[in-house]
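Enquirer: A single structure is presented below for examination.
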Amino acid sequence: MLDPKFLRENIDLVRKGIARKKFQVDLDAVLAADEARRHAVAEFEVARSAQNAANKEMAALPKGSPEFQAKVVEMKTASAKVKELEKKVSEVEEQMKAVALSVPNIPHDSVPEGRTEADNQVVATWGDPAQLVSAAAKAHWDIAWFNKAIDFERGVKVTGAGFPFYVGDMARLVRALIQYFLEEAGSNGYTEVTRPLMVNAASATATGQLPDKEGQMYHAQTDDFYMIPTAEVPVTNFFRDEILDEASLPMKRCGYTPCFRREAGSWGAHVRGLNRLHQFDKVELVKWVHPDQSFAELELLRGDAERLLQKLNLPYRVLLICAGDIGFSHSKQYDLEVWAGGQKRWLEVSSCSNFTDFQARRAGIRFRPRMGNPSSSTPSTALASACRAFWRRSSRTTCSPTAPCASPRPCVAGTVRKPCRSKVALGWQGRVVGYVCFVSPALPSLPCSARNRCGLAAFSAGRTFTDGTYWVAVSGGADSVYLLLALWADETLRPRLRVLHFNHRVRGEAA
RNA sequence: GGAGAGGUGGCAGAGUGGUCGAUUGCACCUGACUUGAAAUCAGGCGAGCCGCAAGGCUCCGAGGGUUCGAAUCCCUCCCUCUCCGCCA
């Protein structure tokens with residue numbers, strides 16, 4: 001869903017973008033609906049404001065007095081008018097929503113022109129198929145042992161076509177690949193989540209499966225749940241209708257799920273064997289990033305996805321999808337295709353996309369800017385990028401202070417600031433879990449009162465780094481909080497405390 | 001599955017028809033005091049949308065209804081908790 005304001009103010013840009021995508025959308029109808037909506041809202045708000053004011057006056061009158069009674073009669077008409085306007089507002093908003101949802105995301109300038117997949121550009125290749133893959137390679141359905149290791153027939157008996165069993169070493173291979181992908185992602189800064197495999201209608205709507213693609217999902221009708229067609233659905237919906245702190249961006253999550261697709265309408269040779277199944281396994285990566293960073297983040301994701309294939313020594317090519325072939329909600333998309341020697345063709349194994357604010361808006365995921373005047377720091381819509389890729393290891397020095405924990409305010413190491421009052425509140429989710437007092441710049445100590453108050457288990461032995469910072473990990477405690485603190489002294493030998501990293505750990509996890 | 005209780009600002013918890021967008025406490029922010037803390041004191045402090053601003057609108061689980069007026073009364077749904085039963 002595009003920002004109505006953006007649409008209004010950049011109508012030609014949107015028109016051009018839609019034309020590049022070869023979509024047919026009546027933008028004038030959208031503009032008209034938007035105009036009608038804004039008009040109706042303004043009208044309603046004026047009337048409601050008058051009603052509110054009159055009601056307040058009325059409340060001050062003695063109840064049952066003639067003036068009061070007269071006011072009641074007078075207010076009846078005003079009330080009826082407000083109700084009428086309110087009804088109209090919800091009607092035009094409904095209309096606006098309906099037409100706005102029909103507008104696709106616009107392609108990025110770097111997306112090439114084109115109509116079909118034949119127009120996609122190969123932007124990179126890696127590995128020589130002739131060298132890495134035998135010319136005599138067979139398709140998997142022609143390999144006898146393969147057909148024992150993947151049991152289609154019993155899958156058909158137990159469930160139906162497209163639900164094979166993986167047996168023995170093949171089952172272990174599947175498990176190993178999932179494990180490998182997750183471990184790579186985890187070591188590259190993604191937080192792993194396990195997730196529901198069934199979602200409600202609201203979630204399926206937020207990520208765009210409903211209402212249009214309902215036929216692609218399995219539907220448990222008794223409880224009105226949908227089997228997820230991709231991990232993107234539960235992982236993205238994690239933050240649905242929430243406002244994130246800018247400091248928490250980029251937020252990176254990964255998750256493994258089986259995916260379930262009815263594949264209605266799929267047929268023919270290209271679905272043979274393992275090429276298309278009703279249930280398959282996928283490791284998904286989702287990032288919520290700052291709007292200014294989203295295209296740079298996309299490039300990083302693509303690089304990381306490529307690195308994974310390189311580590312597996314699989315020859316592949318990278319396609320930049322053309323405007324005519326790109327998805328409805330995508331702004332830019334790369335596909336990674338691996339050379340399948342047996343089938344003698346390239347097969348898509350990964351897709352990296354930037355949705356800009358399109359999907360985040362639909363899902364109601366926003367962020368609150370960190371800087372600036374509080375009164376003007378209205379939330380903006382965050383960007384969601386989803387792809388299967390991996391993230392660079394983050395360096396120690398890039399830890400960012402998170403909102404609830406820092407007092408004094410985080411400062412740049414080495415700069416001299418107002419002396420610390422040596423009262424430092426460490427909070428998690430709004431709760432203070434500890435006051436930490438340092439009586440000596442070199443040797444931090446924890447007063448008994450603080451121990452009692454916060455239940456912190458212990459300070460570990462600190463480490464002094466060459467830049468003069470003293471690092472102390474504080475772990476444990478009733479709230480299972482893990483803190484990494486840095487301490488240093490200025491010329492007055494006043495203690496300085498700076499929270500460099502603040503991270504919530506699950507109880508029992510090693511700090 | 002049966003019975004009961006309840007969903008209010010970061011948390012706790014008042015509020016049962018109008019001056020309530022909401023008492024109070026905790027937490028948080030600013031300042032005073034202090035060698036530094038703790039304690040204490042003074043002030044501030046929910047969120048979203050529109051607007052340059054002034055200001056306006058919306059939000060007390062969700063949706064409907066009653067009323068001039070709803071956090072408050074009625075209906076439906078969702079969710080949570082407790083007890084009993086049943087079952088991994």
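The values are calculated or read from the model by the stated rules, or taken from the named source; none is laboratory data. What you see is a predicted model; the values in this text were computed from it and never measured. Glycine gets a Cβ as well: all are built from the backbone with ideal geometry, and neighbour counts include every protein chain shown.
Enquirer: Which one of A:229, A:164, A:234 is surrounded by 13 or more Cβ atoms within 10 Å (Cβ to Cβ) and touching a Pro at 6+ places or on another chain (Cβ under 7 Å)?
Expert: Result of the check over A:229, A:164, A:234: A:234.
Enquirer: Do you know which residues across the stretch A:46-100 are more than 10 Å from RNA strand B (Cβ to nearest atom), surrounded by 15 or more Cβ atoms within 10 Å (Cβ to Cβ) and closer than 29 Å to residue A:364 by Cβ?
Expert: Of everything in the stretch A:46-100, those that are more than 10 Å from RNA strand B (Cβ to nearest atom), surrounded by 15 or more Cβ atoms within 10 Å (Cβ to Cβ) and closer than 29 Å to residue A:364 by Cβ turn out to be A:85, A:88, A:92, A:93, A:95, A:96, A:99, A:100.
Enquirer: Yes or no: the stretch A:19-36 includes at least one residue that is on the phi > 0 side of the Ramachandran plot, of a type outside the set (Gly, Ala, Ser) and either out of contact with any helix residue (DSSP H, G or I) (no Cβ under 6 Å at 6 or more places or on another chain) or not assigned by TED's automatic domain parsing to the domain that holds residue A:307 (or both).
Expert: First, the residues of the stretch A:19-36 that are on the phi > 0 side of the Ramachandran plot: A:22.
With of a type outside the set (Gly, Ala, Ser) added as a condition, the list becomes A:22.
Now drop any that are not either out of contact with any helix residue (DSSP H, G or I) (no Cβ under 6 Å at 6 or more places or on another chain) or not assigned by TED's automatic domain parsing to the domain that holds residue A:307 (or both), which leaves A:22.
Yes, that holds for at least one residue.
Enquirer: Residue by residue through the stretch A:46-62, note down the ones that are at pLDDT 90 or above and charged (D, E, K, R).
Expert: Residue satisfying the conditions is A:48 alone.
Enquirer: I'm checking my understanding of the structure. Among residues of the stretch A:23-77 that are touching a residue at least 12 places away in the same chain (Cβ under 8 Å) and of a type in the set (Val, Ile, Thr), which one is nearest to residue A:97 (Cα to Cα)?
Expert: If we take residues in the stretch A:23-77 being touching a residue at least 12 places away in the same chain (Cβ under 8 Å) and of a type in the set (Val, Ile, Thr), then A:30 is nearest to residue A:97 (Cα to Cα).
Conditions tested, residue by residue: (1) at pLDDT 85 or above; (2) over 30 Å from residue A:100 (Cβ atoms).
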position: A:312; (1), (2): yes, yes
position: A:316; (1), (2): yes, yes
position: A:335; (1), (2): yes, no
position: A:350; (1), (2): yes, yes
position: A:372; (1), (2): no, no
position: A:381; (1), (2): no, no
position: A:387; (1), (2): no, no
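Enquirer: Is there a residue being surrounded by fewer than 17 Cβ atoms within 10 Å (Cβ to Cβ), in contact with a Gly (Cβ under 8 Å, 6 or more places away or on another chain) and either within 27 Å of residue A:228 (Cα to Cα) or not basic (Lys, Arg) (or both) anywhere in the stretch A:280-302?
Expert: no
Enquirer: For residue A:268, work out the one condition from (1) modelled with pLDDT under 90; (2) within 28 Å of residue A:214 (Cβ to Cβ); (3) touching a Cys at 6+ places or on another chain (Cβ under 9 Å) it doesn't fulfil.
Expert: Residue A:268 satisfies every listed condition except (3).
Listed here are the residues, each with its yes/no results for (1) in the same structural domain as residue A:287 (by TED's automatic domain parsing); (2) within 15 Å of residue A:256 (Cβ to Cβ); (3) surrounded by 14 or more Cβ atoms within 10 Å (Cβ to Cβ); (4) without any contact (Cβ under 8 Å) to a residue 24 or more places away in the chain.
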| residue | (1), (2), (3), (4) |
| --- | --- |
| A:157 | no, no, no, yes |
| A:185 | no, yes, yes, no |
| A:189 | no, no, yes, no |
| A:204 | yes, no, yes, no |
